[in-house]
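The values are calculated or read from the model by the stated rules, or taken from the named source; none is laboratory data. Source: prediction; values computed, not measured. We place every Cβ from the backbone using ideal geometry, glycine too, and count neighbours over all the protein chains shown. Side chains are part of the model used for accessible areas, which takes the heavy atoms of the whole protein and leaves out ligands, DNA and RNA. Shrake-Rupley method; radii C 1.70, N 1.55, O 1.52, S 1.80 Å.
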Amino acid sequence: MPGTTSLHEARGCHGSQYSLGAASSCFSSSVLRPQLGGCGVLGVGIWLAATQGNFATLSSSFPSLSAANLLIVTGTFVMAIGFVGCIGALKENKCLLLTFFLLLLLVFLLEATIAVLFFAYTDKIDRYAQQDLKKGLHLYGTQGNVGLTNAWSIIQTDFRCCGVSNYTDWFEVYNATRVPDSCCLEFSDSCGLHAPGTWWKAPCYETVKAWLQENLLAVGIFGLCTALVQILGLTFAMTMYCQVVKADTYCA
């Protein structure tokens, strides 16, 4: 009967809207967490840039690739993607939900590609990184490179190392048998002019690399958790998108 059919369609439409509203709330709350995380990362990046003199990268080839800039860009990007997903869920907008899905998928594929390339070309990356870091030593203490100078001083002091592959790396920088004062076993003014026996002997590159390998488990867990959150986000986004399409079909 026509009346019964219309009643069933109305109930189906109402049920679809109810389930869609529940899915929207669930999806919005799941997207809000990484968005807040992005806000935190952005805040740390701005604080670092404001208080640490734009704590620079050690690389001479990529001077803008500083810790502060990386955090600011990452935080902004995460917040932007989360905002698109959140608005798309609240407004039940198919275009925004699909945009969120595609952006998140692009980020996931990019991260996976970078990880595969990193492990495939580890030796080449090692050689290039050491060469680039040695070039960066020549900028130490020069005008306009306060961030790089501070970075090297902190690393050599905290990791008790000197130079990239050896303390003799600094001899080419100074054209003399001397190192920065941060290389000294016991810090004092102009201690870098003393005998080599008073300096740290460990190479900074290998020391930092060994420290990263020791903390590889924590890095791996963080990476897996990040991938899991992204996969859940992709699943929620596509589910939400399909429900919006289904509700539009029912209620048309």
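Quick rundown of the values:
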quantity	calculated
GluC sites (Glu not before Pro) within the range 170-252: DSSP coil, no more than 15 neighbouring Cβ in 10 Å	Glu186
Accessible surface of the range 99-241, 1.4 Å probe, proportion on carbon and sulfur as whole %	67 percent
The range 89-248 - accessible surface per residue (Å², probe 1.4 Å)	62 Å²
Label-point separation, Leu70 to Met238 (7 Å along Cα→Cβ), nm	3.1 nm
Under 19 Å from the Cα of Lys209 - aspartates and glutamates, other chains or at least 8 residues apart	Asp123, Asp126, Asp132, Asp158, Asp169
Per-residue SASA entry for Cys191, accessible area with 1.4 Å probe, Å² rounded to 10	0 Å²
Solvent exposure ordering (accessible area, 1.4 Å, most first) of Ile155, Ile81	Ile155, Ile81
Estimated distance in nm for a label pair at Phe222 and Ile87, the labels positioned 7 Å out from Cα along Cα-to-Cβ	3.1 nm
Nearest-0.05 FRET efficiency for Val146 and Phe77, computed from C-beta distance (R0 30 Å)	0.65
Residue-level accessible surface for Asp158, protein heavy atoms, 1.4 Å, Å²	110 Å²
Positive-end residue of Gln243, Gly220, Trp199, charge dipole of the range 178-252 with Cβ unit charges	Gln243
